[in-house]
Amino acid sequence: MTPVGKRLKTARVAAGLKQAELGAECGISQAQVSRFELGQVIPGEPEIRLMARALGIDPAVLAHGASGAVRDVGSFGAGESEDDVRRRALLAAGIGIGSAAALPPTPATASTPPSDWDRALYASGPSGAAPSAVSAAQLNAGLGSVAQHLATARYEEAEKDLPRLIVTAKTAAAPGGKRGAELLTRAWVLASAVRVKERHPDAWSTSSWAVEAARRSQHPLALAMAARSQYICLRQHGQHRQAQMVAQAAAFDLEGEEYARPVLGHLLLESAYGAAQAGRATDAVDLWERGRALARKGPAVAIWPDYPGPLTREQVERYGLCIHHALGDTRRALGHMETLNASAVRVPHTAARIRHDSAKLRRDVGDMAGALRLLQDLAVDTPQDARRTSVRGMVSGMVRTCPALPGLRPFAASIGAV
């Protein structure tokens, strides 16, 4: 039984409800409630929010055991608007959020107008002008454009275009049936990809909504994309056990699904890296080998709907570099790095990841000049990627440890690292 499952069972018994009764209140089956309580499945944000309301407790209490009195999660605090309450409840209900560090540094107040992202993500209905009617093909093309922005490391453009597309996808999802749910999954997956770049707490909600939409779509590719999105969010915040469960469940449910194969391969590689970070060397190598085996089968879909692109040898080798680096096996990590040539990679986002990860390895083996050259190439080809927090933090650390390295300080200044 997981901590969430234990808290759920305790709260349900205290409320005098049977599993079937709680399920009926939330629109889910008794069997699903049982799986949540036993820890066989980790409930997503929508399920946590529904069950918390049915049980009369704060979603934060159910999600991660935060202290707080039983209350109506829809109640208003002093100076709070309805949007403030909705945002607070949704952020609090994200899976695994366990510390104030995961929350935005400057919480929204009634005097802070909501952003386009706030309105798109948290408004219960269309905000502002109602979106014009669009066909599924037009929405699909718009989402494809955002995926292309991400593939070319144009994150600012993706962030600008996504709110409108999310509102459109939400509006079209209900009458659109399974196809509408599939497109909504893509919107939430892309939103998660943008938010995890800076570890924004919105990623907890967007990844959970992706899972919810994917379940409605019943499409294997959508289910795999959503699982990968949720896995990345969990792993980034150190929730390795929960992330592992998400990956294992997806691998079991989607095994043999040809349409899911490329994304499942990406998920296995992500899982291998997560296992390496957690120190599980045997699991890490086994998962990496399974991901490589799927990559060797080649793409199973003609059109790739997400930004990483088809599973390629370069991506497999990059994960090999990261995994063995995390495990402390420098010789093997360097062996993987030697097989990579970022300049020959067609997807700029992937090339940026290769340069960044190779730079970290060179830095850690004492080759500061080599690390700087890779980061300078990254900034030339993908300037927005060079200004991400993780890259700037790495360069800032290099300035502290190697301040006399020629060209380092001017480069650090150019990307805002000093």
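The values are calculated or read from the model by the stated rules, or taken from the named source; none is laboratory data. Because the structure is a prediction, the values reported are computed rather than measured. Heads up, the Cβs are rebuilt from the backbone with ideal geometry, glycines too, and the neighbour counts pull from every protein chain shown. SASA here: full protein model, heavy atoms, side chains in, ligands and nucleic acids out. Shrake-Rupley method; radii C 1.70, N 1.55, O 1.52, S 1.80 Å.
In whole percent, and with a 1.4 Å probe on the protein chains, what portion of the accessible area of the range 277-381 is carbon and sulfur?
49
I'd like the distance separating the alpha-carbon centroids of the range 140-167 and the range 237-270, in whole Å.
A separation of 24 Å, based on Cα centres.
For residue 365 and residue 116 in the same chain, what is the full-extension length gain: residue separation times 0.36 nm, less their Cα-Cα distance, in nm? Numbers along the way, then the final one.
Values: separation 249, 0.36 × 249 = 89.64 nm, distance 4.38 nm.
Full extension from residue 365 to residue 116 adds 85.3 nm.
Quick one: length gained pulling residue 10 to residue 289 fully straight, 0.36 nm per residue minus the C-alpha distance? Show your work: numbers first, answer last.
Details: separation 279, 0.36 × 279 = 100.44 nm, distance 4.10 nm.
Result for the pair: 96.3 nm of gain on full extension.
Using only the alpha-carbon atoms of the range 256-343, report the extent along each of the three principal axes, biggest first, to the nearest angstrom.
38, 30, 19
Please report the net charge: other residues with Cβ closer than 15 Å to the Cβ of residue 238, K and R +1, D and E -1.
Numbers: positive: 199, 235, 241, 280; negative: 270.
Summing Lys/Arg as +1 and Asp/Glu as -1 gives +3.
What spacing in nm lies between the two simple spin-label points modelled at residue 346 and residue 389, each 7 Å away from Cα in the Cβ direction?
3.4
Which of the peptides 147-157, 353-363, 402-412 is most tightly packed, and how do the rest follow, judged by the mean count of other Cβ atoms within 10 Å per residue? Mind showing how you got there, number by number?
Numbers: 147-157: 19.0, 353-363: 22.7, 402-412: 13.7.
Descending mean neighbour count gives 353-363, 147-157, 402-412.
List the residues of the range 11-50 whose backbone N lies under 18 Å from a point placed 7 Å from the Cα of residue 241 along the Cα-to-Cβ direction.
Taking a point 7 Å out along Cα→Cβ of residue 241, the residues of the range 11-50 whose backbone N falls under 18 Å are 35-44.
Using alpha carbon centroids, what distance separates the range 388-418 and the range 330-364, in Å?
Spelled out, the Cα-based centre of one part sits 19 Å from the other.
Whenever you get a sec, compute what percent of the accessible area on the range 143-267 sits on carbon and sulfur atoms (1.4 Å probe). Walk me through the intermediate numbers first.
Working: 2320 of 4550 Å².
Here carbon and sulfur together make up 51 percent of the probe-accessible area.
Quick one: grab the alpha carbon gyration tensor of the range 226-298, order the square roots of its eigenvalues as a ≥ b ≥ c, and give me rounded if a/c is under 1.5, else prolate or oblate depending on whether a/b is larger than b/c.
On the way: a/c = 2.11, a/b = 1.34, b/c = 1.57.
The shape class here is oblate.
So if we plug the beta-carbon distance of residue 138 and residue 30 into 1/(1 + (r/R0)^6) with R0 = 41 Å, what FRET efficiency do we get, rounded to 0.05?
Values: r = 41 Å, r/R0 = 0.99.
Working from the Cβ atoms, E equals 0.50.
What shape does the range 164-262 have by the C-alpha gyration tensor, where a ≥ b ≥ c are the square roots of the eigenvalues, rounded means a/c under 1.5, and otherwise prolate means a/b greater than b/c and oblate the rest? Each step should come with its number before you reach the end.
Values: a/c = 2.34, a/b = 1.14, b/c = 2.05.
Oblate, because a/c is 1.5 or more while a/b does not exceed b/c.
Quick check: pseudo-label points 7 Å beyond the Cα along Cα→Cβ at residue 255 and residue 373, how many nm apart are they?
4.5
Shape verdict for the range 286-383, please, from the Cα gyration tensor: rounded (a/c under 1.5), prolate (a/b greater than b/c) or oblate.
Values: a/c = 2.80, a/b = 1.31, b/c = 2.14.
Because a/c hits 1.5 or more and a/b fails to exceed b/c, the range 286-383 counts as oblate.
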